[in-house]
1. Here are 177, 132: which of them is of a type in the set (Phe, Trp, Tyr), out of contact with any Gly (no Cβ under 9 Å at 6 or more places or on another chain), in contact (Cβ under 8 Å) with a residue 40 or more places away in the chain and under 22 Å from residue 84 (Cα atoms)?
2. If you take the residues of segment 57-81 that are free of Cβ contacts under 8 Å to residues at least 12 places away in the same chain and among the polar types (S, T, N, Q), which of them is farthest from residue 199 (Cα to Cα)?
3. Looking at segment 218-239, which of its residues are acidic (Asp, Glu) and open to solvent by 50 Å² or more (accessible area, probe 1.4 Å)?
4. Are any residues in segment 240-269 open to solvent by less than 40 Å² (accessible area, probe 1.4 Å), assigned to a strand (DSSP E or B) and farther than 19 Å from residue 223 by Cβ, and if so, which ones?
5. Of the residues 146, 206, only one is closer than 19 Å to residue 236 by Cα, open to solvent by 40 Å² or more (accessible area, probe 1.4 Å) and outside any strand (DSSP E or B); which?
6. Out of 84, 103, report the one residue that is open to solvent by 60 Å² or more (accessible area, probe 1.4 Å), farther than 30 Å from residue 264 by Cα and touching a residue at least 24 places away in the same chain (Cβ under 8 Å).
7. Got a sec? Which of 236, 232, 221, 197 is modelled with pLDDT under 95 and either charged (D, E, K, R) or over 14 Å from residue 173 (Cβ atoms) (or both)?
8. So is residue 93 buried (at least 17 other Cβ atoms within 10 Å of the Cβ), assigned to a loop (DSSP other than H, G, I, E, B) and not β-branched (Val, Ile, Thr) or not?
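The values are calculated or read from the model by the stated rules, or taken from the named source; none is laboratory data. Because the structure is a prediction, the values reported are computed rather than measured. Virtual Cβ from ideal backbone geometry, glycine too; neighbours counted across all protein chains shown. We work out accessible area using only protein heavy atoms, side chains counted, and drop any ligands, DNA or RNA first. Shrake-Rupley method; radii C 1.70, N 1.55, O 1.52, S 1.80 Å.
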Amino acid sequence: MAGETLQQHIAHTVSFNIKIILNRTYLAIIGLLVFLSSYSQTSVLSKIDNELAATFKAMKDADYQLRSESLAPLFKKELQEQLKNPITFDNSLDNLSKYLTIKTSPDKKIKFYSWDDLTGGTWHMINCLAQFQSNRGKIIVQQLNSGNEAEIGGYTDSKVYEIHEIIVDNKTHYLTFAWGTHGFGNQHQIIQVFTISPNKLVKCTSCLPNNSDLVIEYPRSEESKLYFNPKSNEISYCEFTYDDDLGYYRSTGNSITLKLINGSFKKYN
């Protein structure tokens, strides 16, 4: 450069080259740290996934007494603890999903984990856990089934297999379809609506007829044809009635449609 001595030129050149080397080294270190962090997370996730899958398989293969008295409660406790880890919320548990029904909402804000712990007979003892993020970013795990349906009644011992998002009072709600069976040749589907409050999942009973869960009971040989149309916000399904003379549910041949009107599903036909 004009007016610059040779020594100054060399000094500037050396300084420039050192900056380039330092920048490249810095980027290399950042890249290595990102790689190590990603590898570490993958390793932790894989360990959790494999251990949960192994625990479930051990429970599944055990004899009934050991399963019901020890392994089934152990698996649920272990799953509840591991689901509090954000890494399980942000990623999929591929091995575990071979044994459990795991469903994620379209907006990725809630997951449902459902499984039959095989401690019942024709009455399937299905557990269901919800995993979601609170307003403050904490991962919350909440059990949705009561755990004693056989004693107090109810149909919450069902596996969530479908999730839809609906808007009620300008807030996202989650419409869920779940399936279960209490034996005697019957099965059921339960329709529920949830929303995420600051620290828990809240059921919107006012969103459904009779301000309660909507349950469809029908024979194992039949289909309810339960369907949600997101464009029209309509739920449709076949109607069944209990026949006292026959001792089981039978189809009436009719179809029921419920439409979301002013924040509540109401009969439309």
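1. Working: 177 fails: under 22 Å from residue 84 (Cα atoms).
One residue alone meets the criteria, 132.
2. Filtering segment 57-81 down to residues free of Cβ contacts under 8 Å to residues at least 12 places away in the same chain leaves 61-63, 65-66, 69-70, 73, 77, 81.
Within this subset, residues satisfying the condition of being among the polar types (S, T, N, Q) are 65, 70.
Values: 65: 36, 70: 30 Å.
Filtering segment 57-81 for residues that are free of Cβ contacts under 8 Å to residues at least 12 places away in the same chain and among the polar types (S, T, N, Q), the one farthest from residue 199 (Cα to Cα) comes out as 65.
3. Quick first cut of segment 218-239, residues acidic (Asp, Glu) only: 222-223, 234, 239.
Result: 222, 223, 239.
4. Those that are open to solvent by less than 40 Å² (accessible area, probe 1.4 Å), assigned to a strand (DSSP E or B) and farther than 19 Å from residue 223 by Cβ: 260, 264, 265.
5. Values: 146 fails: closer than 19 Å to residue 236 by Cα.
Result of the check over 146, 206: 206.
6. Working: 103 fails: farther than 30 Å from residue 264 by Cα.
Just a single option satisfies the conditions, and that option is 84.
7. Answer to the check: 221.
8. On the way: buried (at least 17 other Cβ atoms within 10 Å of the Cβ): yes; assigned to a loop (DSSP other than H, G, I, E, B): yes; not β-branched (Val, Ile, Thr): yes.
In short, yes.
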